[in-house]
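**Student:** Input: one structure, supplied below.
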Amino acid sequence: MSPRSKAKRSAAEAVVAGPTLPDLSDHPLLTRLTVEHLAYALLIIAPLTIRLINLGARPLAPAEAETALRAWQASRGLETSLDAGIPLLFSLQWLTFFLAGGAGEALARVWPVLASAAIPLVVYDWRRRLGKTTALLTALLLTASPLLNAFGRRGDGPALTLLALSLALSGWGRVREGQDRGWVPLAAGVGLLLISGPAAPTALLGLALFALLEQRLSPRVLSAPTLGHGLVGLAVVLVGGSAFLTRPAGIGLLAVNWSEWLGAFSLSGRSLLWGFLRLPLDEPLLVSAGLVAIVRSFRRNDTLAAFSLTAAALLVVSLLQGPYASGSRLVLVLFLGPPVARFLVDMGRSAVYREANGEAWLYVVVLGMLLALGVFSLIAYSRSGDVSHLYLLVATVLMSLVLTAVFGFFIGWQRLVHMLALVLFIALGLFDIAMLWGMGYDTNSPRFPALYASDTRPGIVDLQATINDLSERRKGDPWSLPVAIMEQGPASDLLQWQLRRVTDLSMVTGVSLETAPPLVVAPIEAVLPLSDRYAGQDFAILDAWEPGDADIRRVIAWALYRIAPWDLPTENYVLWADSTILTPQ
């Protein structure tokens, strides 16, 4: 074949084969990519995607509306009283609402979603101190935390506090490694903590205690911080707390947040009891395993011991702050993460499980079935109140004790303890998943996560729709009727937020017969001098978490799956409407 024919044949084969794809196997980025990197990417992307789903389905709680309302008012150039809210979140929401040209529940919550998703990225920097496996498992435990998922979908400060604390701990670790630039993330993290909300004092206390303990247990020669490092922290506070220097008064909210933290402490028996119960109920796996990890830390003399001892101190703080200090419990979760992760790693590497025989695994299966039967009997009792289900629970407990004694004789008590621990941690993990769903993702009204002392009921949406409908019928334009809101009452900020699109919205301390607008929203106990033309309709706006007032059956129902099967106390408001507006103009 002639050279010319060979060239034509090669060209024809190239056309048939199509274009040749470039070989990326030697690309620098791909050569450095590992399974560990993919795992961290999954821990960031998957939760971020899930947390964004139906983000605006639940109305803002009063604690969320405090900041969102003021950020929206500031973004519109309106006068706002900066007497409540969170400085850092106020600045971020102000920027978001300003750029978006509007506001909504989802936009108000987008920054906590991003903050909670970024925490595994910061934990990735802890690998040198904790080890790769322990750091990865820590990121997984934090990602699956019920409290983090709950606050990651709320327009509140605890998720921002946790990210700032993680950043500060990362900077402190670099300082201990002899890196002068570690002071920069440490200073930035402390600055963000100061303006991140009512949970900030707990986080700062934990950071200081951890640094002192780690330096004492494992002394290192540290470089001295410079004036520039201090200026970094100061700049973060000034810029991040003042809506990027447009609202300097926002920094004053720092004092409000710290006052809220101090006001949460209580020594009443009821507060201490429910503060104690909320620790394992909100974080079943981390708190239960964390207690074991804290005990084990007394035999260590390293970073994990500092994490454990700090967690022990913050556990006391969370207990003293009672059931409503959910932000402090979330800070506790961060310090429990590494010790629990190392404990689970050591547990998984134990030779006991590799050498376990058939009898040991049979014990695990049977005990797990009995445990499930006991849980189902509790659920059945909480739903029906039938005492026979409690008899089944007692029988299940007795059978479990007999089973444990028998198998302890055959497989040995040391191995039995390890197998029992495995069953319990699997059960706690499943309970953790149930709490994760009930507290963070299920927005149905019977679900009651009780993150706050007071939360919003669906009645606020009905009130909003009624005002919209009346305006539409009267003037053919939604939100066109004047509305007055009585300032007294716990739902004042929430009502302003929900009715922010009303073109003529006013806050009043009272109304008169002559000047009353067509629509007035007031607490149900308010006595208004309105004419006979006005008719009122009640709306349940808020409810309060008081499981201590319920009987044991309903408390069990709330504890197991966050259902509130009883009539919660509600804060009702009345929409007073002038009957003449029912006639179209």
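No lab work stands behind these numbers, since they all come straight from the coordinates. All of these numbers come straight from a predicted model, not from anything done at the bench. Neighbour counts are summed over all protein chains in view; Cβ atoms, including those assigned to glycine, are modelled from backbone coordinates with ideal geometry.
**Student:** Give the calculated FRET efficiency between Tyr391 and Leu52 to the nearest 0.05, with a Förster radius of 51 Å applied to their Cβ-Cβ distance.
**Tutor:** The value I calculate is 0.65.
**Student:** Just to check I understand the Karplus step: with θ = phi - 60° and J = 6.51 cos²θ - 1.76 cosθ + 1.60, what whole-Hz values come out for region 346-360, glycine and proline as x?
**Tutor:** Once rounded to whole Hz, the list reads 4, 5, x, 8, 4, 5, 4, 6, 5, 9, 5, 8, x, 5, 5.
**Student:** With everything on Cα atoms, drop me the angle between helix 413-440 and the longest principal axis of the chain, reported from 0 to 90° to the nearest 10.
**Tutor:** Taking the Cα atoms of the chain, the angle to 413-440 is about 30 degrees.
**Student:** What net charge is computed for the residues neighbouring Arg127, neighbours being all others with C-beta under 14 Å from the C-beta of Arg127, Lys and Arg scored +1, Asp and Glu -1? Show your work: numbers first, answer last.
**Tutor:** Details: positive: Arg128, Arg129, Lys132, Arg174, Arg342; negative: Glu36, Asp125, Glu177.
Charge balance near Arg127 sits at +2.
**Student:** Also, I was wondering about something else. Modelling each spin label as a point 7 Å along the Cα-to-Cβ direction, I'd like the Ser218/Ala544 distance in nm, to one decimal.
**Tutor:** 4.8
**Student:** Before anything else, pin down the relative contact order of the chain: Cα pairs under 8 Å, at least 6 apart, normalised by residue count, whole percent.
**Tutor:** Relative contact order of the chain: 13 percent.
**Student:** Between Val402 and Ala380, what's the calculated FRET efficiency when r is the beta-carbon distance and R0 is 25 Å? Round to 0.05.
**Tutor:** The pair Val402/Ala380 has a calculated efficiency of 0.65.
**Student:** Now a separate question. Going by the alpha-carbon gyration tensor, a ≥ b ≥ c the square roots of its eigenvalues, is region 80-126 rounded (a/c under 1.5) or, if a/c is not under 1.5, prolate (a/b greater than b/c) versus oblate?
**Tutor:** Prolate.
**Student:** Less than 13 Å Cβ to Cβ from Ala108, Lys/Arg counted +1 and Asp/Glu -1: what total charge do the surrounding residues give?
**Tutor:** Around Ala108, the charge tally is +1.
**Student:** If you don't mind, there's one more thing I want to ask. Could you compute the FRET efficiency for Leu42 and Lys132, with r as their C-beta to C-beta distance and R0 at 22 Å, rounded to 0.05? Intermediate values should be presented prior to the final figure.
**Tutor:** Details: r = 16 Å, r/R0 = 0.71.
With R0 = 22 Å, the Cβ-Cβ based efficiency is 0.90.
**Student:** Run the simple label-point estimate for Asp346 and Asp83 please: 7 Å along Cα→C-beta, distance reported in nm.
**Tutor:** Computed distance between label sites Asp346 and Asp83 equals 5.3 nm.
**Student:** Along the charge dipole of the chain, which of Pro59, Pro146, Leu169 sits closest to the positive end, that is, farthest toward it, with unit charges on the beta carbon of Lys, Arg, Asp and Glu (+1, +1, -1, -1)?
**Tutor:** The Cα lying farthest towards the positive end belongs to Leu169.
**Student:** By how many degrees, 0 to 90 and rounded to 10, does the Cα axis of helix 3-17 deviate from the longest principal axis of the chain?
**Tutor:** Once rounded, the angle reads 50 degrees.
**Student:** With θ taken as phi - 60° and the coefficients 6.51, -1.76 and 1.60, list the Karplus ³J(HN,Hα) couplings across region 179-194 in order, rounded to whole Hz; mark glycine and proline as x.
**Tutor:** Per-residue couplings from phi come out as 9, 4, 5, x, 5, 5, x, 5, 5, 5, x, 5, x, 5, 4, 4 Hz.
**Student:** By how many degrees, 0 to 90 and rounded to 10, does the Cα axis of helix 132-143 deviate from the longest principal axis of the chain?
**Tutor:** Taking Cα atoms only, the helix is inclined about 20 degrees.
**Student:** Taking the dipole about the Cα centre of region 68-132, with the C-beta of Lys and Arg at +1 and of Asp and Glu at -1, give me whichever of Leu114, Ala100, Leu88 is farthest to the positive side.
**Tutor:** Checked the options; the winner is Leu114.
**Student:** Whole-Hz Karplus ³J(HN,Hα) for region 457-470, in order, using 6.51 cos²θ - 1.76 cosθ + 1.60 and θ = phi - 60°, x for Gly and Pro?
**Tutor:** Going residue by residue, I get 9, x, x, 5, 6, 5, 4, 4, 5, 5, 5, 4, 5, 4 Hz, with x marking Gly and Pro.
**Student:** To continue, here is another question. Using amide H atoms built in the peptide plane, which far-off residues or other-chain residues are under 5 Å from Asn572 H to H?
**Tutor:** Result for Asn572 returns Ile524, Ile541.
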